[in-house]
Amino acid sequence: MGIVGAGSIGLAMAVVFAGAGSRVRIHEPSSEMAASVPSRLDERLRLLLEAGLLAESPADVAARVSVGAGLAAAIGDVDLVFECTPEDLEIKRAVFRDIAATAPRHAILASTSSAFGAGEFAGELAGRDRCLVLHPANPPYLIRVVEVVPAPFTGEDVVSRATELLRAANLIPVVLGAEVTGFVYNRLQGAVLREAYCLVRDGVIDVEGLDTIVREGLGLRWAVVGPFETADLNTRGGIAAHAVRLGPAYERMGAERGQHDPWTPELVAEVTAQRRAILPLDEWEDRTMWRDRRLAGLRHHLDQQNERRLCRAPAESTGKELA
């Protein structure tokens, strides 16, 4: 596979695909950035090795990554191209024109854009049917879900092939049904950040307090179950019962921010049907205990890490070793 741009995401995608056994070629126009690839790559691979997340030596994985002398050398004969350039629409349009003219006709042309859909930068290209967005979280070698965002013109076979390539690299593809600004990752993050700024502005909480609630509360829970499953498991009777009990309160919260998006009976029925297809109500009790076991394991791990940090803190602060 080929990568255009060796910034943080471009390098991270090289780590992911090389770690899964693929040959990776990188095109980076900045000579300074290109020269830094080996050291930055080694640093990330060693981190994964120390965490027990790398099956080979860093040197063996790094040997599958090369920085090409030009665009053609990087993408001239690959099956998948990742465009990882800055979040600038005009840059992406120009880069995609070059990529489309250089890559083989069968190659999938994917952008890691955080907000722009392929319709905005590839809509005028010949062969636009092979273009789409594959939006990872940072860093994708640790956070493995990737949003697969086809444009209206993206071929169905391209979406299928892209998801297969992601799975082969140990990533978790989630296909979106429409192009929306920011996709799902950033719309969810944006909703939380907008409310966070408002709560600080209104004097309800300070920055550290809010981060603590997310880090030690919501974030801990969401590492095990997502928002819909959280609501489903938090209320006996499942998400339909949750909507009856708490839907009006959430509607009032939205109205306070000028957002009127009530959970209509039709919407609640649709969400409930999807949750019940995943988890029948007669399995609800077992799933809540599964959640608690997973949280207990995570809590134990985090507490151990905190204890180790506390034990090291005096030596780190004084420069002396503990007796």
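The values are calculated or read from the model by the stated rules, or taken from the named source; none is laboratory data. Note that the structure is a prediction, hence the values are computed from the model and not measured. Cβ sites come from the backbone with ideal geometry, for glycine too, and all protein chains shown count toward neighbours. To get the accessible areas, we keep the full protein, side chains included, count just its heavy atoms, and leave off ligands, DNA and RNA. Shrake-Rupley method; radii C 1.70, N 1.55, O 1.52, S 1.80 Å.
Other residues lying with their Cβ under 11 Å from the Cβ of residue 126 contribute a combined charge of +2, Lys and Arg counting +1, Asp and Glu -1.
The charge dipole of the chain, taken about the Cα centre with unit charges on the Cβ atoms of Lys, Arg (+1) and Asp, Glu (-1), comes to about 420 debye, rounded to the nearest 20. List the relative contact order of region 1-96 as a percent without decimals, with contacts defined as Cα pairs under 8 Å and 6+ residues apart. Once divided by the residue count of region 1-96, the mean separation gives 42 percent.
Helix 156-168 and the longest principal axis of the Cα set of the chain meet at an angle near 80°. The Cα atoms of region 256-311 cover 54, 38, 12 Å along the three principal axes, with the biggest extent listed first. Histogrammed with a bin width of 5 Å, the alpha carbon distances of region 135-243 distribute as 2, 10, 13, 16, 18, 16, 12, 7, 3, 1, 0 percent, first bin at zero. Summing charges over all other residues whose Cβ lies under 10 Å from the Cβ of residue 68, with Lys and Arg as +1 and Asp and Glu as -1, gives 0.
On the beta carbon distance between residue 244 and residue 87, with R0 = 41 Å, the FRET formula returns roughly 0.50. Once the Cα atoms are used to define both axes, helix 265-278 deviates from the longest principal axis of the chain by about 70 degrees. Compared with the dominant Cα axis of the chain, that is its longest principal axis, helix 89-102 is turned about 50°. For the chain, taking Cα atoms only, Rg and Dmax work out to 22.9, 69 Å respectively. Exposed loop sites here mean GluC sites (Glu not before Pro) with a DSSP loop assignment and at most 14 other beta-carbon atoms within 10 Å; the chain contains its longest site-free run at 125-320. For region 1-124, the fraction of 1.4 Å probe accessible surface lying on carbon and sulfur atoms is 52 percent. Overall, the accessible surface of region 189-280 at a probe of 1.4 angstrom is composed of carbon and sulfur to the extent of 62 percent.
For region 21-175, take every pair of Cα atoms, bin their distances at 5 Å starting from 0, and report each bin as a whole percent. Over region 21-175, the share of Cα pairs per 5 Å bin runs 2, 9, 17, 21, 22, 17, 8, 4, 1, 0 percent. Accessible surface for region 128-171, divided over its residues, is 42 Å² per residue with a 1.4 Å probe.
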